[in-house]
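Working notes for the structure below.
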Amino acid sequence: MLFSELNLKPSSLKAVEALGFKNPSEIQEKSIPLLMGEKEIDFVGQAQTGTGKTAAFALPLFEKIDFSSKSIQAIILAPTRELANQICQEIDKLSKFEPVRTLAVYGGVPISNQLRDLRKNKPQIIVGTPGRMLDCLKRNVLELDNCRYAILDEADEMLDMGFFDDVTEIVASVKNKKIWMFSATMPKPIVNLINNEFCDPEMVKVTKKILTSDSIDQKYCVVRRHDMAEALCRY
Ligand code: AMP
């Protein structure tokens, strides 16, 4: 399949071509038509990291949001600040020819700069780690009346890192939204969240686990923890 067959808007197609993406990945091919369809759906995509998930939700989002609006229209939750930043960067690249305003909010740095950027830049998409996002919600600084999408990326990682109560609270506090979730695995708390918060979700599963390039030769050996650095140096 080609990206040109996905009915993306011209600015998205141009950006995808500029990035050198030729064919949609499996998760993109399966999710993009569902997410950008007329019918608004809740969605669960089971896919590993590195499979092109970001474009799988960002490109449909660009078909849905109002680029002229100054209000927040989507929130994206990610387990780490690195991933939150990475998502913002990928969204910037994918919206190169029709820029969307994004803001990353995450802990470990003072909230004041993030609040300033929030007031100044009027972001349409907020990407954040659950703790800081919840902090922003409790301070009443995020105006979510026009937020129609809550996207959970790497949901199982957020669960493993102990963020799931925050995730659940955030999801429950955004009204009238559609939820798009991506997770590599489906442990019980995630299934419970789907059962409690999702409305008849479409499920897509990508089984192929192509996590690394064929050109990378991988080796491992089992050593005691204190021998690890020495063993690595020998490699
Ligand atoms: P992600 O799973 O979203 O973190 O994407 C992993 C990497 O694959 C990122 O560097 C993307 O820019 C890249 N990528 C995403 N979609 C495609 C595609 N269809 N073709 C080639 N590379 C892609």
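No lab work stands behind these numbers, since they all come straight from the coordinates. Bear in mind the structure is a predicted one, so any value in this text is a computation, not a measurement. We place every Cβ from the backbone using ideal geometry, glycine too, and count neighbours over all the protein chains shown.
Below, the figures for the structure above:
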quantity: Test item: Cα-centred dipole of the chain, Lys/Arg +1 and Asp/Glu -1 on Cβ, debye; calculated: 540
quantity: Integer Hz, Karplus 6.51/-1.76/1.60 couplings in order for region 76-93, x for Gly and Pro; calculated: 10, 9, 9, x, 10, 5, 4, 5, 4, 5, 4, 5, 4, 5, 5, 5, 4, 5
quantity: Set of aspartates and glutamates with alpha-carbon distance to Lys39 below 14 Å, sequence-local pairs under 8 removed; calculated: Glu63, Asp200, Glu202
quantity: Residues with amide H under 5 Å from that of Met181, placed H, sequence gap 5 or more; calculated: Phe43, Val44, Gly45, Leu152
quantity: Extension gain, Glu98 back to Lys205 (0.36 nm per residue minus Cα-Cα distance, nm); calculated: 35.5 nm
quantity: Ascending count of other beta-carbon atoms within 10 Å, so fewest first, for Thr129, Thr80; calculated: Thr80, Thr129
quantity: Of Ser31, Ser69, Ser12, the one that fluctuates the most in a GNM where the chain has Cα springs shorter than 10 Å; calculated: Ser69
quantity: Val105 long-range amide H proximity, modeled H, under 5 Å; calculated: Val127, Gly128, Thr129
quantity: Candidates Cys221, Cys199, Cys136: whichever shows maximal mean-square fluctuation once the chain is modelled as a Gaussian network with Cα springs under 10 Å; calculated: Cys221
quantity: Cβ-based charge dipole, the chain, positive-most Cα from Val109, Phe43, Met1; calculated: Val109
quantity: Choice from Val223, Val204, Val109 showing the highest fluctuation, given a GNM over the chain with Cα pairs closer than 10 Å; calculated: Val223
quantity: Exposure proxy order (Cβ contacts within 10 Å, fewest to most) of Leu19, Leu59; calculated: Leu19, Leu59
